[in-house]
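Below you'll find the structure, written out as structure tokens, and then a few comments.
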Amino acid sequence: MRLFYFVISFFMINLSYSQGLEMQSYKFGDGLRFVGESGQSVRLTGYAQPMAELKQTEGYDESSSRYRMRRLRLRIDGQTKDPRFKYRLQVDLSGVSEIGETNEDPLMDAYIDYAPNNSFSVKFGQRTTYADNRELWMSSNSLQLVERSRLTSAFASIREFGVFVTGRIKSGRGSFLRPYLVLSNGDGKNVMDNDRGGLKLGGRIDYLPFGLFTNIGQFRQIDVMREQVPKLVVGIHYSHNSGMSSRRGRYSGRILYLNNNDEESLPDYSKYGLDFLFKYRGFSALGEFVKSSAIVPDDITQRVRNDGSISTTFLVNDIQNIDAYVKGRMMLGEAYNFQLGYLFKNNFSIDGRYTHLIADENSFLNNATFYNRPNYYTLGVTKLSRRNYGFKIQASVTYVDGSLGINHDNDLSTDVVFDDELLFRLITTISF
């Protein structure tokens, strides 16, 4: 929290003391833009997303529901007098994380961007990582459906602190290559205390055979610009986390192991994937594949319980098996996600999605309370007010395959049931 208040204070002071800064424009959905006499500028944007969700399980008479502020974002984008230097600060005041967890620290993005030319930039600070699936680093207020896919929630590390290098290379006949390189802490966002394990190295390379998308359409899902010629981006990504202390590298210090010398000994976590995005005249299609794996050190002999006590038991099916136990607490396996939709000229969009998860033999994806659901089928409808996402309302229904067994009571002593689930969601996005 101290870092959050420091960053807020820094940018507010910077805004107050910028010489000659005046409001240049305001457009609904695009925010407020201020410019200064020396070329500096500040853009203030934000949006709110109230959401309702209803879950119904086959064989159960009762249904569950919840109503919440899904996101409440405020973002400042600035450019200094030197146009090569930019910065961003983004906070979320809803108290809920990107995957719906409560008690979340509000700081989302805080980084400085140095771009010596139009083809190369270096960002330092905290932001969404490029070494993850494509859907992850598309803005939350531009999603095609109410929520991101289960592939993203299962495998993505979301935000990290580090160095992010991006490039744009024209490769002939109107095509482009976009390389990305990431060196981060590997422990997710807002790591204020001890940084566990080593660093995470990752990268991505995108190929755009038909040129760049219109108006940053590569980073949004619905084809609001109605591309007049086909646009396609195909990419591959890879990351390796040296010594991870959580299920997928999203939090630091959640899962710890020790050797005989009481020194931390943590598993390595690797992930790679393929994805694409296609848009043409209102039609859009997104496809993703992700595969993860882990290497468990041979010297692990102890584990740290949630209460801080130490245990030497690593029981899997009543057998001591350190390798299987450690992997059973990590997100290991593979997943496929495919979604497509069409935006009509009256700004109604009809969208569908299929997500398939395949858990490794030893993986937290087999957990019957939170996962153990191999197939997700989603149908959604969206009404946009205009092309810039100023206002939209979305509804979706998701059919969840429970054939592998689901624990509905969040109680490990309760037998699993083999009933399917239906999720109904409604969300409204209001931007300024």
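Readers should treat all values here as calculations from the given coordinates under stated rules, not as data from a laboratory. Note that this is a predicted model, so its numbers are computed, not measured. Every residue, glycine as well, gets a Cβ built from its backbone with ideal geometry; the counts of neighbours run over all protein chains shown.
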HN-Hα J in Hz across the range 418-423 - Karplus 6.51, -1.76, 1.60, θ = phi - 60°, x for Gly and Pro: 10, 9, 8, 10, 10, 10
Non-local amide H neighbours of Phe283 (under 5 Å, H modeled in plane, Pro and chain starts lacking H): which ones? Leu343
Compute the relative contact order of the chain as a whole-number percentage, counting only Cα pairs closer than 8 Å that sit 6 or more residues apart in sequence. 13
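Rounded if a/c is under 1.5, else prolate if a/b is larger than b/c, else oblate: which is the range 108-431, with a ≥ b ≥ c the root eigenvalues of its Cα gyration tensor?
Numbers: a/c = 2.26, a/b = 1.38, b/c = 1.64.
Since a/c reaches 1.5 but b/c is at least a/b, the shape of the range 108-431 is classed as oblate.
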Any residue on another chain or 5+ positions along whose placed amide H is under 5 Å from the amide H of Asp360 is listed here as Leu332, Gly333, Glu334
Going residue by residue through the range 175-190, the Karplus relation 6.51 cos²θ - 1.76 cosθ + 1.60 with θ = phi - 60° gives ³J(HN,Hα) values, rounded to whole Hz and with x marking Gly or Pro, of 8, 9, 10, 10, x, 9, 9, 10, 10, 9, 5, x, 10, x, 9, 6
Rank-order 181-187, 333-339, 21-27 by packing density, defined as the average count of other C-beta atoms within 10 Å over each peptide's residues, highest first. 181-187, 333-339, 21-27
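Ile358: net charge of surrounding residues, Cβ under 13 Å, Lys/Arg +1, Asp/Glu -1, itself excluded? Write out the running numbers ahead of the final one.
Working: positive: Arg150, Lys291, Arg373; negative: Glu334, Asp360, Glu361, Asp401.
Neighbour charge sum, excluding Ile358 itself: -1.
Just need the relative contact order of the range 246-375 here, percent rounded to a whole number, with Cα pairs under 8 Å and 6+ apart.
Working: 243 pairs, mean separation 28.1, N = 130.
Relative contact order of the range 246-375: 22 percent.
Going by average Cβ neighbours within 10 Å, how do the peptides 314-324, 204-214 rank, with the highest at the top?
Numbers: 314-324: 13.2, 204-214: 17.9.
In decreasing order of mean packing, 314-324, 204-214 become 204-214, 314-324.
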In terms of modelled amide H atoms, which long-range or inter-chain residues lie less than 5 Å from the amide H of Gln24? Arg33, Phe34, Val35
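What does the charge add up to near Val400, with Lys and Arg as +1, Asp and Glu as -1, over the other residues with Cβ less than 11 Å from its Cβ?
-2
Around Lys86, under 15 Å between beta carbons, what's the net of Lys plus Arg minus Asp minus Glu among the other residues?
On the way: positive: Arg33, Arg43, Arg75, Lys81, Arg84, Arg88, Lys123, Arg127; negative: Asp77, Asp82, Asp109, Asp113.
Its environment carries a net charge of +4.
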In terms of the alpha carbon gyration tensor, root eigenvalues a ≥ b ≥ c, rounded if a/c is under 1.5 and otherwise prolate when a/b exceeds b/c or oblate, the range 162-258 is prolate
Checked the range 280-432 with the C-alpha gyration tensor, a ≥ b ≥ c its square-rooted eigenvalues, rounded below a/c of 1.5, otherwise prolate if a/b is larger than b/c and oblate if not; verdict prolate
Note, the range 143-150: 3J(HN,Hα) by Karplus (6.51, -1.76, 1.60, θ = phi - 60°), whole Hz, Gly/Pro = x, goes 5, 6, 10, 4, 10, 5, 6, 5
